[in-house]
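Note sheet for the following structure.
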Amino acid sequence: MLSKRSVLIKLFVSTLYLSAFTFGGGYVIVTLMKKKFVDEYHWIEDGEMLDLVAIAQSSPGAIAVNGAIVVGYKLAGLAGAFVATIATIIPPFVIISLISVFYNAFRNNYVVSEILEGMQAGVGAVIASVVFDMGADVVRGKNTVSVLIMVGAFIAACCFGVNVIYIIIACGSIGVVRTLLKRRRGAK
């Protein structure tokens, strides 16, 4: 078993690395966090990772930072949350600071423009992979209600253009009701 200090160091290096090499937003880092913390280090279970992503998604702020906070706290309490947050914030802070200094040079550069356009396609594929993996985990769980909630949320967002905030509130409410009903049944 690793000491808390070793976990904090490994957490810092991992989240710094993930943040430094993740382009395309928070959903991309979720896949990489899953691969690192669930598949490689076995610090978190698959279902737990889905719960952590749900918490990070429903909290205000960037999902990458929220995810790092939740994972860090789960692994090493407040110190873990702090370490993971700092490590996640450092790379984008440095990169954005550098870009802002050289913005005028980048703004009209054809090569940079084409590189960014190519990166958008790659990011789209990575996000699609995240959606597929998370959806597959829900389906593999063979919980009909969870699958119906997922399909209903998808239809509400994609077909009817319902605001994501309302979908999150509705899904959270359904989760609360399901939990209360399970507890009530268990108490009998």
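The figures follow:
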{"quantity": "Residue check, Leu18 closer than 30 Å to Ser173 by Cβ and touching a residue at least 40 places away in the same chain (Cβ under 8 Å)", "calculated": "no"}
{"quantity": "Residue within segment 8-24 that is surrounded by fewer than 19 Cβ atoms within 10 Å (Cβ to Cβ), among the hydroxyl-bearing types (Ser, Thr, Tyr) and farther than 19 Å from Val123 by Cβ present", "calculated": "no"}
{"quantity": "Residues of segment 136-168 satisfying the condition of being of a type in the set (Gly, Ala, Ser) and either in contact with a helix residue (DSSP H, G or I) (Cβ under 9 Å, 6 or more places away or on another chain) or within 17 Å of Leu50 (Cα to Cα) (or both)", "calculated": "Ala136, Gly141, Ser146, Gly152, Ala153, Ala156, Ala157"}
{"quantity": "All positions within segment 104-117 that are in a helix (DSSP H, G or I) and surrounded by 10 or more Cβ atoms within 10 Å (Cβ to Cβ)", "calculated": "Ala105, Phe106, Val112, Ser113, Glu114, Ile115, Leu116"}
{"quantity": "Yes/no for Thr31 being among the polar types (S, T, N, Q) and under 28 Å from Ile149 (Cα atoms)", "calculated": "yes"}
{"quantity": "Hits in segment 150-174 (condition: of a type in the set (A, V, I, L, M, F, W, C) and within 14 Å of Ser58 (Cβ to Cβ))", "calculated": "Ala153, Val164, Ile165, Ile167, Ile168, Ile169, Ala170, Cys171, Ile174"}
{"quantity": "Subset of segment 56-74 (residues that are without any contact (Cβ under 8 Å) to a residue 60 or more places away in the chain and either in a loop (DSSP other than H, G, I, E, B) or over 17 Å from Thr88 (Cα atoms) (or both))", "calculated": "Ser59, Pro60, Gly61, Ala62"}
{"quantity": "Conditions (1) part of a helix (DSSP H, G or I); (2) modelled with pLDDT of 85 or more; number of the one not met by Val162", "calculated": "(1)"}
{"quantity": "Residues of segment 60-87 classified as open to solvent by 60 Å² or more (accessible area, probe 1.4 Å) and of a type outside the set (Gly, Ala, Ser), total", "calculated": "7"}
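The values are calculated or read from the model by the stated rules, or taken from the named source; none is laboratory data. As the structure is a computational prediction, the values presented were derived from the model and not from experiment. Here Cβ is always computed from backbone atoms with ideal geometry, including for glycine, and neighbour counts include all displayed protein chains. Ligands, DNA and RNA are excluded from the accessible area calculation, which covers all protein heavy atoms including side chains. Shrake-Rupley method; radii C 1.70, N 1.55, O 1.52, S 1.80 Å.
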